[in-house]
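Q: So that we are looking at the same thing, I have put the structure below in structure tokens.
The values are calculated or read from the model by the stated rules, or taken from the named source; none is laboratory data. Computed from a predicted structure; not experimentally measured. Quick reminder, even Gly has a Cβ in these numbers, built from the backbone with ideal geometry, and neighbours come from all protein chains shown. What goes into the accessible areas is simple: the full protein's heavy atoms, side chains included, and nothing from ligands, DNA or RNA. Shrake-Rupley method; radii C 1.70, N 1.55, O 1.52, S 1.80 Å.
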Amino acid sequence: MIAFSKRLISRWLIGLFFGTLIIAVTSPWFVRSYVPLTMDPVRKTWTLPEDAVYRWRSEGYANTHIGPHGMPGRTRLADGPSVRRRIALWGDSQAEGVAVDDSNKLFAAIERAIDPHGSVAVYPLARSGEDAAVWIEQIPRTEASLGIDAHVILMVDWEDLAVLQQHDTTSPDIGRNNTETDGTAPASKNAWAALLPAFVIQAARHVLTQDDGANIRRWRWTVGPVAKGDVPGHFPTVASENERVDWQKAMQALAESTNRPVLIVHAPRRPEIVNGRVVRSLDHPDHIRLLRAAASDTRLHWLDVTNDLIDAADSGDWPHGFHNGQIGVGHLNAHGYQLIAQRIAQHVALTQDVIATPER
């Protein structure tokens, strides 16, 4: 009996070892990477380190090469006399574009669409999870250090700009990335990222957190099926009283952060497939109307590509989603980026917009 137990345990341990080894070797094919962050001296925020290769697997199947100042996909700064205009691209993960190859990212598509000869350089400064409260703190720093001539903001969620209504230039805490003032959280994450393989961190996240990767998972110790409530439908709603936004104040804060031209590109997640239905209408159209008016009043440039995204999907070329995920859901794909870039180029050509017109 003792000998049998020893053989059973030894076989179990051998199986555990080789099973883990197989997962460790093959994990780069299906597990995203975890890279320790660094504090960028120019942007004063935590970014991926230069020369790192960041892989993304849940949507798309791409590797992103990190350049100076944490720029995803651009491995060097634009130098030389041929570069006459440098544009900073701001936004969240939708503008960051880690789900597509570097050549298909939004910044590269904008460069090709405006001038394939290379007179315009776009610096991708977008970061997942950031909003305009962080962007306007970085705008003056990047202008001074990187020679930025204009700014393009990819606005997917209007809330990312609504935070500016609370901006107060006299308060050092408003508009700052939390990781800039409190290094404890990124320091602990960096330690885990440097110490553990990516597949171990991913496995722990699956066990300890919910699908969003942020909220703690509640374990269920009972048996039997999980009772699921009815999933609410996705219908346009009217903004409530507590959702009112002082868009004039928000846009004024953005305009006062720079004396360079600013182009806001409205590219919502539309159309989107929700509960098997194709949703085309916006949730809060009144916010967009007031935001556009406030942007015009503060002499900010505005471009809405909502209808272009919907038309593309209706013709069979969905701008969101990937084959290894779900079409019509999630982040912008290469086709979506190309579409947005072409609309930006058309906007520049039709309006003679100084956003990206090289000085002659």
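Q: Calculate how many DSSP beta bridges within the chain are antiparallel, expressed in % of all such bridges and rounded to the nearest 5.
A: 40 percent
Q: Ignoring ligands, DNA and RNA, how do 335, 287, 69 rank by accessible area with a 1.4 Å probe, largest first?
A: 335, 69, 287
Q: For residue 243, what accessible area in Å² do you get when you roll a 1.4 Å probe over the heavy atoms of the protein chains, rounding to the nearest 10?
A: Rounded to the nearest 10, the figure is 70 Å².
Q: With Rg/Rh (Cα atoms, Kirkwood Rh) in mind, check (1) 1.02; (2) 1.08; (3) 0.97 and report the label derived from this structure.
A: Correct label is (1).
Q: Cα axis of helix 334-351 to longest principal axis of the chain: angle in degrees, 0 to 90, nearest 10?
A: The helix 334-351 is inclined about 10 degrees to the chain.
Q: Report the antiparallel proportion of the DSSP beta bridges in the range 247-360 as a percent, rounded to a multiple of 5.
A: That works out to approximately 50 percent antiparallel.
Q: Please list, ordered by chain and number, the residues whose modelled amide H lies under 5 Å from the amide H of residue 88; skip anything fewer than 5 residues away on the same chain.
A: 123, 149, 150, 151, 152
Q: What does the net charge come to around residue 312 if you take all other residues with beta carbon closer than 14 Å to its beta carbon, with K and R at +1 and D and E at -1?
A: -1
Q: When only the heavy atoms of the protein chains count and the probe is 1.4 Å, how do 141, 292, 244 rank by accessible area, highest first?
A: On the way: 141 60, 292 130, 244 160 Å².
Reading off the accessible areas and sorting them downward yields 244, 292, 141.
Q: To continue, here is another question. Given a 1.4 angstrom probe, what's the average accessible area per residue across the chain, in square angstrom?
A: Accessible area per residue: 54 Å².
Q: Along Cα→Cβ, 7 Å out, is where each label goes; now give me the distance between the ones at residue 217 and residue 53 in nm to one decimal.
A: It works out to 3.0 nm between the two label points.
Q: Relative to the first principal axis of the alpha-carbon coordinates of the chain, what is the inclination of helix 184-195, with its axis defined by its Cα atoms, in degrees from 0 to 90 and to the nearest 10?
A: Result, in degrees: 50.
Q: Tell me, what % of the accessible area of the chain is carbon and sulfur with a 1.4 angstrom probe?
A: 56 percent
Q: Then there is this: Hey, rough spin-label estimate for residue 350 and residue 206, points 7 angstrom out along Cα→Cβ, what's it come to in nanometres?
A: Between residue 350 and residue 206, the simple spin-label model gives 4.8 nm.
Q: Here's something else I'd like to know. Projecting each Cα onto the charge dipole of the chain (Lys/Arg +1, Asp/Glu -1 at the beta carbon, about the Cα centre), which of 144, 225, 61 comes out farthest on the positive side?
A: Farthest towards the positive pole: 225.
Q: Residue farthest toward the positive end of the dipole of the range 240-285, with Cβ of Lys/Arg at +1 and Asp/Glu at -1: which of 252, 284, 273?
A: In the range 240-285, that residue is 273.
Q: Taking the Cα atoms only, what angle lies between the long axis of helix 132-146 and the longest principal axis of the chain, rounded to 10 degrees?
A: 70 degrees
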